[in-house]
Amino acid sequence: MTMIYITHKEATVKAGISAMLAANCDLPLVSLDQSQLSCSARGTLITDYDHGMQIAGKRRAACDQALKIIVVTNRTREWDIRNAVDGGIHGILTQDCDAGELAEAILQLQSEALFLSRCISGRARAAMRREKLTSREHQVLHSLGKGLCNKSIARTLGIAEVTVKIHLGNLMIKLGASTRTQAIVIANVLGLLEFDPEMVNGSHDGSTRWMTSREKAAGENLRMAGYFNDIPSPA
């Protein structure tokens, strides 16, 4: 019989998962602190995103697939999903999932390799289709997100300015962006980049004024392309 281990950094989420499964699932449940999980545990672990990625990495390194890992999280942007799947996570559920979906994930993972909440399945398919950025393209993107010009990016990364232009062109193609601003906004929506509030609220490094709304910055064409579908606005 499958053993279910429940641990989550958010106490209320952990309590909710335990209560739902106790009332709707006849499998043995063990609620524990993250440090209490045995390295030889077998069965199914339900946890948060960061802890799930940490455990999945250790298990993959040891070629140990005896533990199915389900993360219950609000980190459901494209790149969060892609990194989780690539990192060895078996199931991704949103924090508003119900008992039925939790039980379905546990049962399905006994025979299937992956379970995703229905509300993020479309985003997951898009994430798996999208070509990943190289490590250097990530560095250029993060420098771009800081408002640096090509010359400053080249100096920061210790590469030629023409090389920066090549990496910038490649990452814009991968993101489907036609301008630097669009690249930053799309990267933020996908989970590749976080906006710096200082840049969002004002100007930076003598460049043009940054946007106060991601949809305004991205333009109608991005909303029509579906980049903002099902992605909640920040509170």
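The values are calculated or read from the model by the stated rules, or taken from the named source; none is laboratory data. Just so it is clear, the model here is predicted, and its values are computed rather than measured. In this analysis, Cβ positions are derived from the backbone assuming ideal geometry, glycine residues included, and neighbour counts consider all displayed protein chains. Surface areas here come from the heavy atoms of the whole protein model, side chains and all, with no ligands, DNA or RNA. Shrake-Rupley method; radii C 1.70, N 1.55, O 1.52, S 1.80 Å.
Miscellaneous remarks
- Euclidean distance of C-alpha centroids, the range 153-169 and the range 32-72, integer Å: 39
- Accessible carbon and sulfur surface of the range 1-127 relative to its total accessible area, %, 1.4 Å: 51
- Restricting the range 93-165 to GluC sites (Glu not before Pro) that sit in a DSSP loop and have at most 13 other Cβ atoms within 10 Å of their own Cβ leaves 112, 131.
- Note on the range 1-77: with charges restricted to the Cβ of Lys and Arg (+1) and Asp and Glu (-1), its dipole about the Cα centre is near 280 debye.
- Inter-site label distance for residue 32 and residue 181 at 7 Å from Cα along Cβ, in nm: 5.2
- Spatially proximal lysines relative to residue 174 (Cα-Cα < 27 Å; intrachain offsets below 8 disregarded): 132, 146, 151, 165, 216
- Here's the list of lysines a cross-link from residue 58 could span, going by alpha-carbon distance under 17 Å and ignoring same-chain residues fewer than 8 apart: 68.
- D_trans [Stokes-Einstein, Kirkwood Rh over alpha-carbon pairs] for the range 1-92, 4 °C, 1.567 mPa s, µm² s⁻¹: 97
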